[in-house]
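Accompanying notes for the structure given below.
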Amino acid sequence: MLIAQLTDTHIRRPGTLAYGVVDTALYLEAAVAHILALAPRPDVVIVTGDLTDFDDPAEYARFRALTAALPMPLLPIPGNHDSSAGLLAAFPEIAARCDGGRVNYVVEDFPLRLVMLDSTVYGCPHGQLGEEGLAFLDRALGATPGRPAFVCAHHPPFLTGIRHMDVQNLSDAAGLEEVFGHWPQVLGFTCGHVHRAVTTTFAGIAATIGPAPAHAVSLALDPQAPPTFHMEPPSLSLHLFTDGRVVTHRSFIGAYDGPHPFFGPDGKAIGTPERA
Ligand SMILES: [Fe+2]
């Protein structure tokens, strides 16, 4: 099972640029083309929040148009630039999976269960699962403790060292850690928000932040550094569920020189020096 992770696409209305600089739609278009060209194709695409820049129905419509060519299920959760209601209005098929106004749902269709969590706090940049979200996760994991699970949210529950992002983290990370402590079948956790590929452990499980296909939050570990972004090489996470674990690859979007063979027709490594 192969999962492609899109995150923080920040789609805007046509003719406008994110932060006056980034044509985010072009980057999403390239990311979609990249996913379509992967062999094997991912079984599913998760979208860990900030689909839109301003939670505007026109932005969701544009996101849907830009991703319409993806033949596999697309599983979004909201980020702080979206809202739960805005996302559910734009994705009625996701609303049908949710019980109430929060975008909390479980996907049972694959060997790895996907637990999608809504970490948004309306009108605020930081995240919170809330009692409802934590109880949902605990119930979901308790329903089939024998099935491996992968959990997704928008906000990181751990510090990255990028101060202006860290202050917007998940405020109830301790609650998430406690729930994970009950259920050892959780093989991994991923999120977005920081627009960078980041890896750590959280509650003893592998935890990643997926990189964004457009602008990256600057890698500024100086606590005094102002909030800025860089246009780094676009990429996305590919999570491969194999041999009982989740292996996360970073897949760079764009054309790169290669593939070059290692070995020639004689079976020897190309360029092996002749020895006398
Ligand atoms: Fe974002």
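Loop-only GluC sites (Glu not before Pro) in the range 98-132, please: DSSP not H, G, I, E or B, and at most 13 other Cβ atoms within 10 Å.
Listed in order of number, the matching sites are 108.
Can you tell me how the range 2-252 classifies by the Cα gyration tensor, rounded, prolate or oblate, using a/c under 1.5 as the rounded cut? Note, shape of the range 2-252 comes out rounded.
At a probe radius of 1.4 angstrom, the accessible area of the range 2-252 per residue rounds to 41 square angstrom. For trypsin sites (Lys or Arg not before Pro), the sites in the range 172-276 that DSSP calls loop and that have at most 15 other Cβ atoms within 10 Å are 268, 275. Restricting the chymotrypsin sites (Phe, Trp or Tyr not before Pro) of the range 235-274 to loop positions (DSSP other than H, G, I, E, B) with no more than 10 neighbouring Cβ atoms within 10 Å leaves 256, 262. For residue 120, the amide hydrogen comes within under 5 Å of the amide hydrogens of 128, counting only partners 5 or more places away or on other chains and with H modelled in the peptide plane. Using 0.36 nm times the number of residues separating residue 177 and residue 260, minus their current alpha carbon distance, what extension gain do you get? Gain on stretching residue 177 to residue 260: 25.5 nm. Against the main long axis of the alpha-carbon atoms of the chain, helix 24-37 sits at an angle near 60°.
With the helix formula -39500 (n - 2.57) applied to DSSP H stretches of n ≥ 4, the chain reaches a computed 222 nm mean residue ellipticity of -6500 deg cm²/dmol. GNM remark for the chain: springs join alpha carbons under 10 Å apart, and the peak mean-square fluctuation among 175, 204, 258 falls on 258.
What a 1.4 Å probe finds exposed on the chain is 59% carbon and sulfur by accessible area, rounded to a whole percent.
The values are calculated or read from the model by the stated rules, or taken from the named source; none is laboratory data. Small disclaimer: the values here were computed from a predicted structure and weren't measured. Neighbour counts are summed over all protein chains in view; Cβ atoms, including those assigned to glycine, are modelled from backbone coordinates with ideal geometry. Heads up: the accessible areas ignore ligands, DNA and RNA and are worked out on the full protein's heavy atoms, side chains in. Shrake-Rupley method; radii C 1.70, N 1.55, O 1.52, S 1.80 Å.
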